[in-house]
Amino acid sequence: MPATTETVLGVFAYVDTTVRALEELRAKGYHDLTVYTPVPVHEIEDVLERDRPVSRVRLFTLIGGLTGTVSGFLLTIWSALVWGLTTGGKPVVSIPPFVVIAFELTILFGGLATLIGMVVLGRLPRLTPSPTFDPRFTNDRFGVAVHCATGRGGSVREILRGAGAEEVRP
Amino acid sequence: MTQAVWDAWVEIATESAAKLGIAQGDVVRVSSPHGTLELPAYVSPTLHPQAVAIPIGHRYAAYHVPRYVAVSPGGANPMALLGPAAEPTSGGVAFLSVRVTLAKTGTRRPLTILQATHDQHQRELAQHVDLRAAREQALRGKHGEEAHVSMYPEKTYPGYRWGLAIDVDACIGCQACAVACQAENNVPVVGKAQAAYGRQLHWLRIERWAEGKADHPTNLFVPMLCQHCEIAPCEPVCPVFAAYRTEEGLNAQVYNRCVGTRYCGNNCPYHVRRFNWFQHEFPAPLEVQLNPDVTVRQLGVMEKCTMCVQRIIAGKDHARDEKRPVKDGDILTACQQTCPTRAITFGNLKDDTSTVATLAHSPRGYYSLEELGTRPSVTYLKKVVREHA
Amino acid sequence: MMSQSPPTTPTFADVNRDVLRTLGPPGNLYFAWMCVVALVLAWGILAWTGQIWWGMGMAGKRVPQQWAMYITTFVFWIGIGHAGTLISAILYLFRARWRTSIYRAAEAMTIFAVLTAGLFPLIHAGRMWFAYFLLPYPNQRDLWPNFRSPLVWDVFAISTYLTISTVFFIVGLIPDIAAVRDASTGWRRRIYAMLALGWEGSDSQWRHYRRAYGLFAALATPLVLSVHSVVSWDFAMALVPGWHSTLFAPFFVDGAIFSGFAMVLVLVLPMRHFFKLHAYIQEKHLDAMGKLILVTGLVLTYFYLSEIFTTLYSGDEFDKASLFWKVTKSYAWALWLMYFCNCISPLILFWKKARTSPVVLYVVSILVLIGMWFERFNIIVPSLGHAFYPWAWGIYVPTLTDTSIVIGSFAWFFLLFLGFIKVLPSLSIVEVKETLPPPLKDRPHASHH
């Protein structure tokens, strides 16, 4: 099957040059970008976030947390009723102490759900490195990978170089 | 009652001890015309200054068991001090008293005394009432019992509610109940070193509390055992439901379930819960003496008075066979059965006509550490004293 | 420890180089420490084995002190475990930038401290082989734990805390491990590659990562405050005079932060010295930690005073007798040692010179750790020794078994930490970089050398 898209990678040493490249790419209508950075950079995020919704990780947290609360109360109340043992003259279903369990489970389930959310949405774990990744991106270089239709590679390379890329490939 | 264990001692009055410079635990040479003995001193505030006392029946060398007392302190038979003189009136051997002299040897052998202090520190553990007040109360009845304030509904008991009444007035401190309990409930003997460090396993202990003037106090005896509290501090802290309250008002302890966190023991204000710090054995021939109706506990398990639950079950079975409810006298706890003065009464608190319920409502009745609100099932009856300001 | 290289601003590449250098082959000193720690740990394990074999009586516990050094040390380690997540969660939410260079070590410390603390309920239980009864697991007799017991709350609070702290730690590590992966070769590279989960630092990974990290911080903040509150309820829910107090939750949380920061300093100061991390752990960081110790110490002093005041003011005779006994009798030395270590010794940190001097900070931190261990000791042992019923009043004497196990727990903690600093980046590569000025072409001072 012939490739209908090609990918061009630009390696940058500076944040401002990276941002400049991103702005220009977007202005020219290239929206399918992957940006590699050693640290999260606000300026870069600002450019990219313009047409993306907020990460859905928080939905995972909310559902996980609520599951925790409910299961905390269910577990404590149900298990207390199984044998119905009285201790210390207190009612069998003593809500105040059960709040502690429900609280802890809220945090526990919320936290684990957040982890799952992060892993699932961030497409982790990645078993094989993506072709455009370069080990320098975890050190001090910034990468912009542009996915464009076959034949548009030339203009993309031009934009990247013009913005100040150290290296452009292929 | 000195509560010294695993040794004999010579009891010396406080005044005499001060005069001779003897402190508790100093080894004292006691010499009579017939022989000498060396024993640790026990300083007593209640003894006559001109008298010393040595218990008979403690510490014969032949009966030394290394499992219980590591190093034998040697034999000490007080008979050695007594002469062959005959008592003029009866013609028997005059073996109860002889004139002795005391001398400090300079060595020390601290006594193992189970009770930390005999001073109640105003905690009203052993209470008493003046004779006249007691008589008045008995005529008029106890003034209105205070309603128990609680956020929770009153606890109800579908069948029986077991309880004990213990008469402090009748207790003479003989400790027969403690021995009966030990035999009935397979309570291991821990030996001198462990007893000295607060690790004895008695479910029932007799306490001696001083009352009145510090130099010549009156002694009150209190048998202390699990109070089977209605609002038991020990129960809710147990993480595994090893301690819980039964429908018959007993504070149950499930040995199989116990993990040994000892939280219950800390939270019991009466310190009646006992922990198995080691695996205690019953070497032959002691195993023959074990009660087959009672579990022998493993190391790491908390245990305590069960109100002789095995006897309760047997008594209920017996009553059921005769198709009638349990009545007074069907069930006797081991301590009750053994008490020579009938200071201990067991029964059903729910039945207002039972002896225990009558005693529990007696004007003399009180609960140990009542202000903690534990609502014990054990009612103590105040000692009646002749003259008290 | 006094040497201080002039603080030049490192570049991104410098950060990678300096942090990766800490993972280089260890020297003889490191191995010597490892040997010492391993030997002490082995001795502690031997003592524990003896205790399991012969019974809890091998330790010095008795009636009434049925809890003693094990629970003291348990609470101590839980307290130590509070600084890490406090730094990574609360200070993250407050955007306190000084946290970046110490938070990794503090988080590792948290996890290791909780792992150490987690051993103590097992060590302490009379039948530790049945400790799993405390877990809610389905079984054929439908026996469940008693959720009214503070010990079961502990199980939930501590396991939740350990899980969330570990997740927090691992998530924070992923981009850093990726950096280590990209700088290593051979089998190490394969291992780090596995641990990095294929992290590449792409924008979509960062997007979810950042959001998740913020949510972790938001979840961990109430958790940090709750865990030591729950631990304090082990005491506050009980009846014992000296335990039964509503003051305990905030009192314990403050004490935990206080001791936790002291432990962070105890670990970070030698790390800074031996790894020559002066450019990252600067005087201002030490200063900030010194201030935190000072403030939490003052708050603790306030709690001590309130505790005395409420006891005297309440008119509760049991409480008053207990307090009087603590202050004047058998264990008074421990109480006054605690007051000195926790209330007096941190006062020197009012001086900036002291706050920026590693030697002074180290000494104060050690004193604070001693003081905080004794604080828990003073809550547990003397209170139990002078409770309601005078029949049992008395003194607890630790044995060789107690002492060996407690010292062994320190060895276990340091063994884990020593292992950590040579295997994982003990400074956060990513977060340190974030605090640096980003490389800009148009700003010459930030450019590459």
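Quick notes
- Any chance C:Gly242 is modelled with pLDDT of 90 or more, under 16 Å from the mean Cα position of the chain (by Cα) and either among the acidic types (Asp, Glu) or farther than 30 Å from C:Lys422 by Cβ (or both): no
- Conditions (1) over 26 Å from the mean Cα position of the chain (by Cα); (2) away from chain B (no Cβ under 14 Å); (3) not aromatic (Phe, Trp, Tyr): number failed by C:His386: (2)
- Within the range B:312-330, restricting attention to residues that are in contact with a Phe, Trp or Tyr (Cβ under 9 Å, 6 or more places away or on another chain) and not in a loop (DSSP other than H, G, I, E, B), the residue that is surrounded by the most Cβ atoms within 10 Å (Cβ to Cβ) is B:Ile312.
- Any hit, the range A:5-28, residues being facing chain C (nearest Cβ under 9 Å), over 17 Å from the mean Cα position of the chain (by Cα) and farther than 28 Å from A:Gly164 by Cα: no
- Checking each residue in the range C:123-159 for being closer than 16 Å to C:Asp234 by Cβ and more than 10 Å from chain B (Cβ to nearest Cβ) picks out C:Ile123, C:Phe156, C:Ala157, C:Ile158, C:Ser159.
- Being touching a helix residue (DSSP H, G or I) at 6+ places or on another chain (Cβ under 6 Å) and not assigned by TED's automatic domain parsing to the domain that holds A:Thr132 is a property that holds for A:Thr61.
- C:Ser409, sole failed condition from (1) crowded, with 21+ Cβ neighbours inside 10 Å; (2) of a type in the set (Ser, Thr, Tyr); (3) within 14 Å of chain B (Cβ to nearest Cβ): (3)
- Hits in the range B:287-310 (condition: farther than 21 Å from B:Gln175 by Cα, surrounded by 14 or more Cβ atoms within 10 Å (Cβ to Cβ) and charged (D, E, K, R)): B:Asp293, B:Arg297
- Note on the range B:107-132: residues that are crowded, with 18+ Cβ neighbours inside 10 Å, among the polar types (S, T, N, Q) and touching a helix residue (DSSP H, G or I) at 6+ places or on another chain (Cβ under 9 Å) total 3.
- Of all residues in the range C:181-238, those satisfying the criterion of being of a type in the set (S, T, N, Q) and either touching a helix residue (DSSP H, G or I) at 6+ places or on another chain (Cβ under 7 Å) or touching a residue at least 60 places away in the same chain (Cβ under 8 Å) (or both) are C:Ser184, C:Thr221, C:Ser226, C:Ser229, C:Ser232.
- Meets criteria (away from chain C (no Cβ under 14 Å) and out of contact with any Lys or Arg (no Cβ under 7 Å at 6 or more places or on another chain)) for B:Leu359: yes
- The condition of being in contact with a Leu (Cβ under 8 Å, 6 or more places away or on another chain) and modelled with pLDDT under 95 holds for only one of B:Val309, B:Val378, B:Val384, that being B:Val384.
- If the condition is being surrounded by fewer than 17 Cβ atoms within 10 Å (Cβ to Cβ) and either at the interface with chain C (Cβ under 7 Å from one of its Cβ atoms) or in contact with a helix residue (DSSP H, G or I) (Cβ under 6 Å, 6 or more places away or on another chain) (or both), then the range A:29-53 contributes only A:Glu43.
- Hits in the range A:113-139 (condition: of a type outside the set (Val, Ile, Thr), more than 7 Å from every other protein chain (Cβ to nearest Cβ) and under 30 Å from C:Asp154 (Cβ atoms)): A:Ala113
So that you can scan it fast, the table gives a plain yes or no per residue for (1) under 30 Å from A:Arg56 (Cα atoms); (2) surrounded by 22 or more Cβ atoms within 10 Å (Cβ to Cβ):
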| residue | (1), (2) |
| --- | --- |
| C:Ala183 | no, no |
| C:Arg188 | no, no |
| C:Trp199 | yes, yes |
| C:Ser202 | yes, yes |
| C:Tyr209 | yes, yes |
| C:Ala217 | yes, no |
| C:Leu225 | yes, no |
| C:Phe235 | no, yes |
| C:Val240 | no, yes |
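- Residues satisfying the stated conditions in the range A:91-104, i.e. at the interface with another protein chain (Cβ under 7 Å from one of its Cβ atoms) and either among the small types (Gly, Ala, Ser) or surrounded by 17 or more Cβ atoms within 10 Å (Cβ to Cβ) (or both): A:Ser94, A:Pro97, A:Phe98, A:Val100, A:Ile101, A:Phe103, A:Glu104
- Output for the range C:133-172, where each listed residue is under 30 Å from A:Pro40 (Cα atoms) and touching a residue at least 40 places away in the same chain (Cβ under 8 Å): C:Thr160, C:Tyr161, C:Leu162, C:Ile164, C:Ser165, C:Thr166, C:Val167, C:Phe168, C:Phe169, C:Val171, C:Gly172
- First in the range B:350-367 and farther than 17 Å from B:Arg135 by Cβ, second anywhere and part of a helix (DSSP H, G or I), Cβ under 7 Å, 6 or more apart: B:Asp351/B:Ala357
- Residues of the range B:256-286 that are buried (at least 21 other Cβ atoms within 10 Å of the Cβ) and either acidic (Asp, Glu) or assigned to a helix (DSSP H, G or I) (or both): B:Tyr263, B:Cys264, B:Gly265, B:Asn266, B:Asn267.
- Positions within the range C:296-320 being more than 16 Å from C:Val368 (Cβ to Cβ), among the hydrophobic types (A, V, I, L, M, F, W, C) and either in contact with a Pro (Cβ under 6 Å, 6 or more places away or on another chain) or surrounded by 16 or more Cβ atoms within 10 Å (Cβ to Cβ) (or both), in sequence order: C:Phe318
- Within the range C:321-335, the set of residues being buried (at least 19 other Cβ atoms within 10 Å of the Cβ) and either among the β-branched types (Val, Ile, Thr) or in a loop (DSSP other than H, G, I, E, B) (or both) comprises just one member, C:Tyr331.
- All positions within the range B:16-61 that are part of a helix (DSSP H, G or I), of a type in the set (A, V, I, L, M) and under 17 Å from B:Val100 (Cα atoms): B:Ala17, B:Leu20
- Of the residues contained in the range B:117-126, none is found to be of a type in the set (Ser, Thr, Tyr) and over 22 Å from C:Phe388 (Cα atoms).
- The residues in the range C:201-228 that are facing another protein chain (nearest Cβ under 7 Å), part of a helix (DSSP H, G or I) and among the small types (Gly, Ala, Ser) can be counted, and the count is 3.
- The set of residues in the range C:229-271 that are assigned to a helix (DSSP H, G or I) and within 14 Å of chain B (Cβ to nearest Cβ) comprises C:Val230, C:Val231, C:Trp233, C:Asp234, C:Phe235, C:Ala236.
- Of the candidates A:Arg123, A:Arg161, A:Arg157, the single residue that is of a type in the set (Lys, Arg), in contact (Cβ under 8 Å) with a residue 60 or more places away in the chain and surrounded by fewer than 16 Cβ atoms within 10 Å (Cβ to Cβ) is A:Arg161.
The values are calculated or read from the model by the stated rules, or taken from the named source; none is laboratory data. Values in this document were obtained by computation on a predicted structure and should not be read as measured data. With ideal geometry, Cβ positions are generated from the backbone for all residues, glycine too; neighbour counts draw on all protein chains shown.
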